[in-house]
Amino acid sequence: MHFPDNLKYTEEHEWIRVEGGNVAYVGITDFAQGELGELVYVEVETVGESLEKGEPFGTVEAVKTTSDMYMPVSGKILEFNPELNESEGDNPTLVNEDPYGKGWIIKIELSNPEELEELMDAEAYQSIIE
């Protein structure tokens, strides 16, 4: 299992990668997708909404379970990964195959960048799951 150093992590197993300015990508960690197993559906119905840190933004569904996903920081949801979206690409297994790359789930605009400081780095995240 690997945890890229350029990401920040939450205790709920989400990651965030800031891509210049106030735009960031959010997904679930390699650990989370491994625990869930093969994903069959990813649902995000919050595009265009502004949510606070810790609020649910969507769900991931595996064969035996469904889990909420939570905002790592406050922000506006700009986009749901079209490759995961049932109406477009419908390939939820991308999250299993490439959780930190093509398997990103949402793109957001940060409303409070200071909240990034409250998240864990790769080393801290790895220590809570071992």
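Read-outs throughout are calculated quantities, based only on the coordinates presented, and are distinct from any laboratory measurement. Source: prediction; values computed, not measured. So basically every Cβ, Gly included, is an ideal-geometry build from the backbone, and we count neighbours across all protein chains shown.
Please go through the stretch 102-130 and pick out each residue that is part of a loop (DSSP other than H, G, I, E, B) and in contact (Cβ under 8 Å) with a residue 40 or more places away in the chain.
Looking only at the stretch 102-130, we keep the residues that are part of a loop (DSSP other than H, G, I, E, B), and these are 102-105, 111-112, 119, 121, 130.
The answer is G103, W104, I105, S111, N112, L119, D121.
Any idea which residue in the stretch 1-53 is surrounded by the fewest Cβ atoms within 10 Å (Cβ to Cβ), counting only those that are under 11 Å from the mean Cα position of the chain (by Cα) and of a type in the set (G, A, S)?
A32
Is it the case that L110 is aliphatic (A, V, I, L, M), over 22 Å from Q33 (Cα atoms) and touching a strand residue (DSSP E or B) at 6+ places or on another chain (Cβ under 6 Å)? Reasoning before the result, please.
Values: aliphatic (A, V, I, L, M): yes; over 22 Å from Q33 (Cα atoms): yes; touching a strand residue (DSSP E or B) at 6+ places or on another chain (Cβ under 6 Å): yes.
Spelling it out, L110 is indeed aliphatic (A, V, I, L, M), over 22 Å from Q33 (Cα atoms) and touching a strand residue (DSSP E or B) at 6+ places or on another chain (Cβ under 6 Å).
Out of the residues in the stretch 77-117 that are among the hydroxyl-bearing types (S, T, Y) and closer than 19 Å to Y9 by Cα, which is surrounded by the fewest Cβ atoms within 10 Å (Cβ to Cβ)? Show your work before the answer.
The initial filter retains those residues of the stretch 77-117 that are among the hydroxyl-bearing types (S, T, Y), namely 87, 93, 100, 111.
Those left that are additionally closer than 19 Å to Y9 by Cα: 100, 111.
Details: Y100: 19, S111: 15.
Checked the stretch 77-117; the qualifying residue surrounded by the fewest Cβ atoms within 10 Å (Cβ to Cβ) is S111.
Please work out which residue is farthest from A122 (Cα to Cα), limiting yourself to the stretch 4-24 and to residues that are aliphatic (A, V, I, L, M) and either in contact with a Gly (Cβ under 8 Å, 6 or more places away or on another chain) or not in a loop (DSSP other than H, G, I, E, B) (or both). Spell out how you get there, then give the answer.
Quick first cut of the stretch 4-24, residues aliphatic (A, V, I, L, M) only: 7, 16, 18, 23-24.
Checking which are either in contact with a Gly (Cβ under 8 Å, 6 or more places away or on another chain) or not in a loop (DSSP other than H, G, I, E, B) (or both) leaves us with 16, 18, 23-24.
Details: I16: 11, V18: 15, V23: 20, A24: 17 Å.
Looking at residues that are aliphatic (A, V, I, L, M) and either in contact with a Gly (Cβ under 8 Å, 6 or more places away or on another chain) or not in a loop (DSSP other than H, G, I, E, B) (or both), I get V23.
More than 14 Å from the chain's Cα centre (by Cα) and exposed (fewer than 13 other Cβ atoms within 10 Å of the Cβ) - does that describe any residue in the stretch 65-76?
Yes, the conditions are met somewhere in the stretch 65-76.
Hey, any hits in the stretch 62-81 for a residue that's in contact with a strand residue (DSSP E or B) (Cβ under 7 Å, 6 or more places away or on another chain), closer than 25 Å to M1 by Cβ and of a type in the set (D, E)?
Yes; the residues of the stretch 62-81 include at least one that is in contact with a strand residue (DSSP E or B) (Cβ under 7 Å, 6 or more places away or on another chain), closer than 25 Å to M1 by Cβ and of a type in the set (D, E).
Looking only at the stretch 25-80, count every residue that is closer than 21 Å to E118 by Cα and in a strand (DSSP E or B) and tell me the total.
Matching residues across the stretch 25-80 total 14.
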